[in-house]
Amino acid sequence: MMLAEAQQNGRESRGFGNYYLADQESRVRYFHEVLNDYIAGRKGT
């Protein structure tokens, strides 16, 4: 759990610009966005 807290703090720092997601992680993120839109009644892309 300490690692997750350290990563969260790092992502929220002013020096952090952006992060890289592997191809599969990008697909999972997109899937969750589409699923959330579907549940909320919004049309997906």
remark   = Among (i) 2.08; (ii) 1.96; (iii) 1.54, the value of Cα Rg over 2.2 N^0.38 Å computed for this structure carries the label (iii)
key: the chain: angle of helix 23-40 to the longest principal axis, Cα-based, in degrees nearest 10   = 50
key: 0 to 90° range, to nearest 10: angle between helix 2-11 axis and the chain longest Cα axis   = 80
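Laboratory data are not the source of any read-out in this text; all were calculated from the coordinates shown. Worth saying up front: this structure is predicted, and the values here are computed from it rather than measured.
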